[in-house]
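Here's the structure we're looking at; comments come further down.
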Amino acid sequence: MNSHLATAVEREAIDEGPNPLGLEGVEFIEYATNKPQALGQVLERMGFRPISRHRSREVLLYRQGDINVIVNAHSSDAPLSDQPVISAIALRVRDAAAAYQRALARGAWAVPARVEVMELNIPAIHGVGTSRIYFVDRYKEFSIYDVDFTPIPTVDQHPPAIEGLHFFGVVQYIGNDRTEDWTEFYAELFGFQALPDAQRFGILTKGRILQSACKSFFLQLIEPEPGVLDVEDDESLQRIGLGAPNVQLTVEALRERGVEFVASAGEQAAARGALTRTVMGSVTFELVHNQRAATAG
């Protein structure tokens, strides 16, 4: 591009606005594991219900309220681990193809599609570690599950959420001195914005919090403790954050279902948030005080 043309392009640069991808929330979080039954039991104690099976793969859809969690035991690439990992996050967007192309234009790495007969082609890019970020624009009257999944007979397809639980965000572990790199990644590709350091949620307040462009969910970036060796190769999505209008009532309800929690430091902290004990070596959920009411479906 010559200097004259570059000047013209800059002169007519288009402001894409605060939500360039048309983000409208999170469609699902996906776990990968070779022990899907064990993980399913963990999810059911948390209030999720298995509602649909994938037509051709060992994949189950769990739901409560407006939270969808997929358990994927279909190994197509690397061998699956006993310890579940958060392998993907699907973002709701107004136009999946346009969002995908915009992300690629800004440096995202494409994930090659491997679509089988009677399956949707859901565009995806590479996220942190080995995870993927999907773009989904079918989530209202007609959803991706209507094509790829078969409902489990007699099961309520829209089980209510326990005490108003709803999706709040995801915690991502990052390498040493990588906060600025990941902040730029999410800002450039998706329009996330960093919150002021003083603005914190729950009881685990380390790292940097990024707010989505649609302002409906958050990402928390956490570096290792000072003095820890570089762990850049171990970057990953670490846990799901769930919003709860009343954390203490939610904790009581989940305890009755067999969920164990890490001891909270005082009554005031317990009102702000709670953390479930790690099970299966890697699975934990963080409850965060948040008043947004969950909706079914």
Quick one: in segment 283-295, of everything that is modelled with pLDDT of 95 or more and over 18 Å from residue 209 (Cα atoms), which residue is surrounded by the most Cβ atoms within 10 Å (Cβ to Cβ)?
283
Being without any contact (Cβ under 8 Å) to a residue 60 or more places away in the chain, assigned to a loop (DSSP other than H, G, I, E, B), touching a Leu at 6+ places or on another chain (Cβ under 8 Å) and surrounded by 14 or more Cβ atoms within 10 Å (Cβ to Cβ), is that true of even one residue in segment 92-111?
no
Return a yes/no flag: does segment 162-179 have any residue that is surrounded by fewer than 17 Cβ atoms within 10 Å (Cβ to Cβ), of a type in the set (D, E, K, R) and either closer than 30 Å to residue 53 by Cα or not assigned by TED's automatic domain parsing to the domain that holds residue 132 (or both).
yes
Apart from one, (1) under 22 Å from residue 24 (Cα atoms); (2) surrounded by fewer than 16 Cβ atoms within 10 Å (Cβ to Cβ); (3) not small (Gly, Ala, Ser) all hold for residue 154; the odd one out is (1)
Pick from segment 238-280 the residues that are on the phi > 0 side of the Ramachandran plot and at pLDDT 95 or above: which of them is farthest from the chain's Cα centre (by Cα)?
258
Which strands (runs of 3 or more DSSP E) does segment 146-231 wholly contain that include 1 or more residues that are under 23 Å from residue 242 (Cβ atoms) and under 19 Å from the mean Cα position of the chain (by Cα)?
166-173, 208-211, 218-222
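The values are calculated or read from the model by the stated rules, or taken from the named source; none is laboratory data. Just so you know, these numbers come straight off a predicted model, no measurement behind them. Cβ sites come from the backbone with ideal geometry, for glycine too, and all protein chains shown count toward neighbours.
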